[in-house]
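Engineer: Structure in structure tokens, see below.
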Amino acid sequence: MKKWLYAAGLGLVMASSASVQAADKIAVVNVQSIFQQMPARDAVAKQLETEFKGRATQLQTQERDLQTKMQKLQRDGSTMKASDRSKLEKDVMAQREDFSTKAQAFEQDNRRRQAEERNKILSRIQDAVKAVASKQGYDVVIDANAVAYAGSDKDITADVLKQVK
């Protein structure tokens, strides 16, 4: 029984070392560096800023109005008639709830759009990595942040950056 286990273990070790030897053309790429250096990233950031500017301005205006009403309630609430104070409190509560709902929707939409655009850029990077790897004959490409050491001749980051620009 021990001989079987020993033989099976030895077979697994040999099989795994053979698969490592089969993938001897390994390269590394720094995806984060490419992402940071892409000119499209700045253009997308400006596009998203423009896309959400109207809603952001509207939310800021609504927030200022809400703060003004809350300050008025705090400052004049003790001297106001009970009916006026109650009406103002209800108005503040309704406006606060409306603001909170709109702000949450704004944040979700903004995050969703940023993720969509980031994924488009990362997809372009991935396509460029595939193109460079197949052109240069690499079997495996690993993100440089996941590797402890790789020789500079194995780094294809510059080639990929040229491909995506």
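The values are calculated or read from the model by the stated rules, or taken from the named source; none is laboratory data. Given the structure is predicted, the values throughout are model-derived calculations rather than measurements. Heads up, the Cβs are rebuilt from the backbone with ideal geometry, glycines too, and the neighbour counts pull from every protein chain shown. With ligands, DNA and RNA removed, areas are computed over all heavy atoms of the protein, side chains included. Shrake-Rupley method; radii C 1.70, N 1.55, O 1.52, S 1.80 Å.
Engineer: Which of SER78, SER134, SER33 moves the most in a Gaussian network model of the chain with Cα springs under 10 Å?
Structural biologist: SER78
Engineer: Let me ask something else. Considering only protein heavy atoms, with the full assembly of protein chains and a 1.4 angstrom probe, order ASP139, ASP109 by accessible area, largest first.
Structural biologist: ASP139, ASP109
Engineer: Another question, then. With helices defined as uninterrupted DSSP H runs, which ones in the chain have an alpha carbon span along their own long axis of at least 18 Å and mean Kyte-Doolittle hydropathy of at least -1.0?
Structural biologist: Helices passing the filter in the chain: 2-22.
Engineer: What whole-number value in Å² describes the accessible area per residue of the chain for a 1.4 Å probe?
Structural biologist: About 73 Å² of surface per residue is accessible.
Engineer: With a 1.4 Å probe and every protein chain left in place, tell me how much accessible area MET70 has, in Å² to the nearest 10.
Structural biologist: Spelled out: MET70, probe radius 1.4 Å, area about 70 Å².
Engineer: Are there chymotrypsin sites (Phe, Trp or Tyr not before Pro) in the range 85-165 that DSSP puts in a loop and that have at most 16 other Cβ atoms within 10 Å, and which ones?
Structural biologist: TYR149
Engineer: Another one. Around THR57, what is the net charge, scoring Lys/Arg as +1 and Asp/Glu as -1 over all other residues with Cβ under 14 Å from its Cβ?
Structural biologist: 0
Engineer: Taking 7 Å along the Cα-to-C-beta vector as the label spot, tell me the GLU107-ASP76 distance in nanometres, rounded to one decimal.
Structural biologist: If labels sit at GLU107 and ASP76, their model points lie 3.2 nm apart.
Engineer: Continuing with the same structure: Any chance you could run the full-extension gain for GLN60 through PHE99? It's 0.36 nm times the residue separation minus the Cα-Cα distance, nm to one decimal.
Structural biologist: Stretched out fully, the GLN60 to PHE99 stretch lengthens by 13.1 nm.
Engineer: Would you work out what percent of the accessible area of the chain, with all protein chains in place, is carbon or sulfur (probe 1.4 Å)?
Structural biologist: After summing per-atom areas, the C and S share lands at 54 percent.
Engineer: With springs only between Cα atoms under 10 Å apart, run a GNM on the chain and tell me which of GLN71, GLN47, GLN136 wobbles the most.
Structural biologist: Comparing GLN71, GLN47, GLN136 in a Gaussian network model of the chain, the most mobile one is GLN71.
Engineer: Separate question: Let me check something: with ligands and nucleic acids excluded, how do ASP84, ASP153 order by accessible area (1.4 Å probe), largest to smallest?
Structural biologist: These residues rank, largest area first, as ASP153, ASP84.
Engineer: Using 7 Å Cα-to-Cβ label points, what is the ASP24/ALA158 separation (nm, one decimal)?
Structural biologist: Distance between the two pseudo-spin positions: 2.6 nm.
Engineer: Working from the pairwise distances between different alpha carbons, so that the mean of 1/r is found and then inverted, what is the chain's Kirkwood radius in Å?
Structural biologist: Mean inverse Cα-Cα distance, inverted, gives 21.6 Å.
Engineer: Mind listing which trypsin sites (Lys or Arg not before Pro) in the range 22-63 are in a DSSP loop and have 16 or fewer other Cβ atoms within 10 Å?
Structural biologist: Answer in residue order: LYS25.
Engineer: Let me ask something additional. So what is the calculated 222 nm ellipticity per residue for the chain, using -39500 (n - 2.57) for each DSSP H run with n of 4 or more, over all residues, to the nearest 500 deg cm²/dmol?
Structural biologist: Calculated at 222 nm, the ellipticity per residue is -28000 deg cm²/dmol.
Engineer: I would also like to ask the following. List every residue whose amide H lies under 5 Å from the amide H of ALA27, counting only residues 5 or more places away in sequence or on a different chain, with H placed 1.01 Å from N in the peptide plane.
Structural biologist: Amide H to amide H, under 5 Å and 5 or more residues apart or across chains, ALA27 pairs with VAL140, VAL141, ILE142.
Engineer: Next question, about the same structure. Quick one: check the C-alpha center-to-center distance for the range 118-165 versus the range 48-74, whole angstrom.
Structural biologist: Value for the Cα centre distance between the two parts: 44 Å.
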